[in-house]
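Read through the structure below, which is laid out as structure tokens, and then see the notes.
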Amino acid sequence: MGHNRTPPIFYIFYIFYLFFIIQTISQSVAAALEWYGGEEQALTANAIRKFDMWFDYMNTRNDVHAIKQIKHHRLAITDENFPAYKACMLDTINWLDEWQRNAESLTSNKADTNRLLLSAQTRRGIRISSLSGIEMIQELLERGAPMVHTARFNQDPLEGFFGIMRSLGRRWDNPTIHQFELNVNIIRNLKHFAPESGNCKPAYLDDTTALQPKR
């Protein structure tokens with residue numbers, strides 16, 4: 001088996017691990033911790049509730065599904081519930097900042113402090129996703145969008161664009177501003193002009209035009 005291919009057994013374990021984490025971050029788990037753990041598990045239960053609410057707001061997809069699960073945080077973001085969404089995002093950021101301050105007050109050793117916190121990349125990602133989500137949804141609602149499903153946000157087209165941009169430079173994948181401008185024109189032309197040959201019919205031809213025979 002090649003080094004670039006993940007063995008199936010590890011892939012299955014990884015999927016199970018992610019599923020287990022997702023199921024752990026839920027209101028029912030938080031309630032169970034409070035019931036059986038008492039005050040000792042209160043902070044952990046509070047953390048689970050905050051992350052569960054944050055994930056729900058960041059994955060609003062289907063109102064019918066949200067109503068069946070009795071999770072109003074998964075309803076589409078509208079003018080009515082946008083203030084609650086914004087409050088949840090800002091509260092999560094403030095809570096993470098307070099968590100970091102408390103951890104730094106317990107020890108002066110940076111390595112020990114990092115063990116008490118989420119990774120710096122995770123904290124930064126939550127902050128960026130929360131603040132950018134607030135700005136994007138607010139602008140969409142102000143421009144007349146009746147609702148916003150946060151699960152529909154997708155950065156794949158942007159990643160694909162920069163992937164093409166780097167591939168145009170061949171081995172030199174760090175273009176200058178001038179090269180970036182030229183590459184944008186190349187990408188734009190590739191999308192607007194169809195190839196002259198091939199078994200394809202341009203949109204301006206009618207149905208009576210014969211297609212080229214398949215090779």
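Worth pointing out:
- Where helices (runs of 4 or more DSSP H) sit wholly within the range 27-99, those with at least 2 residues that are basic (Lys, Arg) occupy 42-57.
- Test: residue in the range 199-215 that is in a helix (DSSP H, G or I) and either modelled with pLDDT of 80 or more or out of contact with any Asp or Glu (no Cβ under 6 Å at 6 or more places or on another chain) (or both): no
- Filter result for LEU131 (among the aliphatic types (A, V, I, L, M) and outside any helix (DSSP H, G or I)): no
- Boolean, SER129 is closer than 26 Å to SER28 by Cα, buried (at least 16 other Cβ atoms within 10 Å of the Cβ) and not assigned by TED's automatic domain parsing to the domain that holds THR24: yes
- Pairs where the first residue, in the range 23-52, is within 22 Å of HIS72 (Cα to Cα) and the second is among the hydroxyl-bearing types (Ser, Thr, Tyr) and assigned to a helix (DSSP H, G or I), C-beta under 7 Å, 6+ apart: LYS50/THR92
- Checking GLY133, GLY160, GLY125 one by one, the residue that is under 23 Å from the mean Cα position of the chain (by Cα), over 18 Å from PHE82 (Cα atoms) and at pLDDT 80 or above is GLY125 and no other.
The values are calculated or read from the model by the stated rules, or taken from the named source; none is laboratory data. Remember, it's a predicted structure, so these values are computed and weren't measured experimentally. Because the Cβ atoms are built from the backbone with ideal geometry, glycine has one as well, and the counts that use them run over all protein chains shown.
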